[in-house]
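Read the structure below first, then the notes.
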Amino acid sequence: MTIAYREPCLSDGARIHQMVLRAGTLDVNSAYLYFLLADQFHATCALAESDTELVGFLTGYRLPDAPDTLFVWQIAVDPNMRGRGVASGLLHALETRPWFAEIKRIELTISPDNPASRALFARWADSLNKPIHQKPYLSTELLGDGHQPEDTYWIDLD
Ligand SMILES: CC(C)(COP(=O)(O)OP(=O)(O)OC[C@H]1O[C@@H](n2cnc3c(N)ncnc32)[C@H](O)[C@@H]1OP(=O)(O)O)[C@@H](O)C(=O)NCCC(=O)NCCS
């Protein structure tokens, strides 16, 4: 099966929102937020498609106060497409974008109950030949509603 990776555009917002709903473990934000990301942050987001069917996406942005840091936010692959390298393909797609040469640090957050996400980003750090670091970020108390805590992970590229 051939998977194509591309930047999203405004009209992809609804499909991304639908995939967040299907993914099961992600915080579901409003469709409006995914339209904004697909439109205004298209360069740092990516879609994976099989023919024209959406099978994965990732959202990210460069920190406004530190544009040489890429924050990778939500990433998901359709449940029946997992374990085939689609998420890794989305991350590698970012590496091919012209702006990636300016990135000195990659940041993300992961909750302790998400081993798949930890394995994915550890694998990405390995492929970049860099260590991955971790520290606490958002506690359950701060997040409220019984949300799992989120630790910050980062990969320094320098
Ligand atoms: C996390 C997620 C995106 C991974 O997608 P995927 O396409 O299955 O991942 P890949 O096939 O590219 O795997 C990448 C690496 O992670 C590992 N991995 C993936 N899922 C794993 C799991 N459930 N347990 C352990 N390792 C796992 C793979 O073995 C691979 O490492 P390898 O190359 O050394 O074998 C997917 O499980 C998902 O959509 N989960 C729900 C949404 C979510 O939790 N997103 C992360 C938080 S934003």
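Here is how the numbers come out for the structure above:
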{"item": "The chain - mean residue ellipticity at 222 nm from DSSP helices (-39,500 (n - 2.57) per run, n ≥ 4, rounded to 500)", "result": "-9000 deg cm²/dmol"}
{"item": "Volume of the Cα convex hull of the chain, divided per residue and given in Å³", "result": "119"}
{"item": "Pairwise FRET efficiency - Ala116 versus Asp145, Cβ, R0 = 22 Å, nearest 0.05", "result": "0.45"}
{"item": "Quarter of Cα convex hull surface for segment 39-89, i.e. mean projection, nm²", "result": "4.1"}
{"item": "Share of carbon and sulfur in the accessible heavy-atom surface of the chain [1.4 Å probe, %]", "result": "53"}
{"item": "Förster radius 30 Å - calculated FRET efficiency between Leu33 and Gln134, Cβ distance, rounded to 0.05", "result": "0.70"}
{"item": "Accessible area per residue in Å² at 1.4 Å probe, computed on the chain", "result": "54"}
{"item": "DSSP beta bridge pairing in the chain, given as percent antiparallel to the nearest 5", "result": "90"}
{"item": "Local electrostatic count, Ala38, Cβ distance below 12 Å [Lys/Arg +1, Asp/Glu -1]", "result": "-1"}
{"item": "Trypsin sites (Lys or Arg not before Pro) lying in DSSP loop within segment 67-143, provided at most 13 other Cβ fall within 10 Å", "result": "Lys104"}
{"item": "Rounded to the nearest 10 Å², the accessible area of Ile132 at probe 1.4 Å", "result": "60"}
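The values are calculated or read from the model by the stated rules, or taken from the named source; none is laboratory data. Predicted, not measured: the structure shown is a model, and the values here were computed from it. FYI the Cβ positions are ideal-geometry reconstructions off the backbone, even for glycines, and counts take in every protein chain you see. SASA here: full protein model, heavy atoms, side chains in, ligands and nucleic acids out. Shrake-Rupley method; radii C 1.70, N 1.55, O 1.52, S 1.80 Å.
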